[in-house]
Amino acid sequence: MKLYYAPGVCSIGIHVLLEEIGKPYELEAINLREGAQFRPEYTKVNPKSKVPALLRDDGSLQTEYPAIAYWLARTNPFSNLLPDNIDLQARALEIMDYCVATVHMQGFTRMFRPGNFSPDPAQEDAVKTRGKEIVLKGFDTLNAALEGKDYAVGPFSIADSALFYVEFWAGRVGIPLPANCAAHYERMKARPSVQRTMQQEGVG
Ligand SMILES: N[C@@H](CCC(=O)N[C@@H](CS)C(=O)NCC(=O)O)C(=O)O
């Protein structure tokens, strides 16, 4: 397997899952800042021009964070990345999708890439402000979901990898995490898989 990634972006959550699984894999960094995602060397691999993308051992490419995480969990059942219980599985997918589709794609992306939401530079501050509102509401929701739990659905699961990367981004933009999310983030950073991932990506 090979993970196409960029340091500190959402692919870091998939990187954590690969470290949790512990099977050999390769890493290939795509320099998003320099626009490498749009160059033919990468678009011939992933025409979506996004990371994460996982080159599977069967030679096919798996894209979209929730799909990659789900596939890794189901193909590595002994890594316990998804509980057996169907209700907990659905809750894990619910939280992971909320982190990726709402907190990341609707919230943080407005803050990081306001131009994707309005071509008018005069709208930039308004777009960023709306993004921050979505992120703050997102963490309130996630904080409530974590009440009384160590991890998103109780036992560690793929949902925690997505929760981890949005918590990591909150720190980067100075958004204070509510108590349960802050405790979850510390718990994640104490996991050897997360420590190895952060060290390999050179982020901290
Ligand atoms: N829906 C995709 C989103 C992935 C995504 O937005 N990745 C960002 C990094 S966090 C990216 O590759 N951005 C490059 C760009 O937008 O040019 C997924 O779930 O994997």
It is to be established whether one or more residues within the stretch 145-155 are more than 30 Å from Gly22 (Cβ to Cβ), open to solvent by less than 70 Å² (accessible area, probe 1.4 Å) and at pLDDT 95 or above.
no
When the residues of the stretch 34-65 are narrowed to those that are on the phi > 0 side of the Ramachandran plot and open to solvent by 50 Å² or more (accessible area, probe 1.4 Å), which ends up nearest to the ligand (Cβ to nearest atom)?
Glu64
If Tyr70 meets every condition in (1) in the same structural domain as Asn143 (by TED's automatic domain parsing); (2) under 20 Å from the mean Cα position of the chain (by Cα) apart from one, which number is that one?
(1)
Name the single residue, out of those in the stretch 167-198 being under 14 Å from the mean Cα position of the chain (by Cα) and more than 19 Å from Asn143 (Cβ to Cβ), that is most open to solvent (accessible area, probe 1.4 Å).
Met198
Please identify the pairs in which a residue from the stretch 53-64 that is touching a residue at least 40 places away in the same chain (Cβ under 8 Å) has its Cβ atom under 6 Å from the Cβ atom of a residue that is of a type in the set (A, V, I, L, M, F, W, C) and open to solvent by 50 Å² or more (accessible area, probe 1.4 Å), counting only partners at least 6 apart or on another chain.
Ala53/Leu61; Leu55/Leu61
Pairing a residue in the stretch 37-50 that is more than 13 Å from Ala6 (Cα to Cα) with any residue that is open to solvent by less than 40 Å² (accessible area, probe 1.4 Å) and of a type in the set (A, V, I, L, M), where Cβ atoms lie under 6 Å and the two sit 6 or more apart in sequence or on different chains, gives Asn46/Ala53
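Loosely packed, with under 13 Cβ neighbours inside 10 Å and in contact (Cβ under 8 Å) with a residue 24 or more places away in the chain: does that describe Asn31?
Values: loosely packed, with under 13 Cβ neighbours inside 10 Å: yes; in contact (Cβ under 8 Å) with a residue 24 or more places away in the chain: yes.
Yes.
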State whether one or more residues within the stretch 74-88 are among the hydrophobic types (A, V, I, L, M, F, W, C), in contact (Cβ under 8 Å) with a residue 40 or more places away in the chain and within 16 Å of the ligand (Cβ to nearest atom).
no
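The values are calculated or read from the model by the stated rules, or taken from the named source; none is laboratory data. This is a predicted model, so every value here is computed, not measured. With ideal geometry, Cβ positions are generated from the backbone for all residues, glycine too; neighbour counts draw on all protein chains shown. In case anyone asks, the SASA skips ligands and DNA or RNA and just uses the protein heavy atoms, side chains included. Shrake-Rupley method; radii C 1.70, N 1.55, O 1.52, S 1.80 Å.
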